[in-house]
Amino acid sequence: QVQLVESGGGLVQAGGSLRLSCAASGLTFSSYTMGWFRQAPGKEREFVAKIHWSGGSTRYADSVKGRFTISRDNAKNTVYLQMVSLKPEDTAVYYCAVYGSGSYYYGSSYNNWGQGTQVTVSS
């Protein structure tokens with residue numbers, strides 16, 4: 001079965017950086033578009049970024065554009081989220097997911113999810 005394991009979260013001061021990783025197994029990783037979402041306490045899950053299976057196309061939420069970079073290494077079955085200039089409002093659990101169909105902005109368009117990794121940004 002498909003497994004997604006996120007790592008790299010932690011506690012960082014505002015302005016700092018983190019790099020999240022998501023290791024995938026149980027699927028032909030290089031054939032799937034991947035996404036990152038996040039969910040802050042008391043808020044709904046929201047789209048962060050997505051990357052085409054080829055790595056040639058990416059999209060970002062306006063709130064992270066210019067600060068976050070999604071990338072992938074198909075040889076390692078891993079997708080990354082490089083986060084710089086972090087803000088307290090970036091505090092959330094971050095999830096990676098396998099895109100299925102539909103609008104990539106919606107979580108319902110993704111079929112498989114990891115367990116999440118906590119990112120906390122202190123002011």
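The values are calculated or read from the model by the stated rules, or taken from the named source; none is laboratory data. Computed from a prediction, not measured in an experiment: that's the story for all the values here. Please note: Cβ atoms are built from the backbone with ideal geometry, for glycine as well, and neighbour counts cover all protein chains shown. Each accessible area value is taken on the protein alone, full model and side chains, heavy atoms only, with ligands, DNA and RNA left out. Shrake-Rupley method; radii C 1.70, N 1.55, O 1.52, S 1.80 Å.
Tabulated values for the structure
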quantity	calculated
Tally of residues being closer than 24 Å to T28 by Cβ and either in contact (Cβ under 8 Å) with a residue 24 or more places away in the chain or open to solvent by 60 Å² or more (accessible area, probe 1.4 Å) (or both) across the range 70-88	10
Hits in the range 93-123 (condition: in contact with an Asp or Glu (Cβ under 8 Å, 6 or more places away or on another chain) and on the phi < 0 side of the Ramachandran plot)	Y94, Y95, C96, G114, Q115, T117, V119, V121
Which listed residue, of T28, T91, is buried (at least 18 other Cβ atoms within 10 Å of the Cβ), of a type in the set (V, I, T) and either closer than 15 Å to L4 by Cα or in contact with a strand residue (DSSP E or B) (Cβ under 9 Å, 6 or more places away or on another chain) (or both)	T91
Qualifying positions in the range 29-69 - among the aliphatic types (A, V, I, L, M) and more than 18 Å from N112 (Cα to Cα)	A40, A61, V64
Residue ranges of strands (runs of 3 or more DSSP E) in the range 37-123 with at least 2 members at pLDDT 95 or above, closer than 25 Å to V12 by Cα and hydrophobic (A, V, I, L, M, F, W, C)	46-51, 68-73, 78-83, 92-99, 117-122
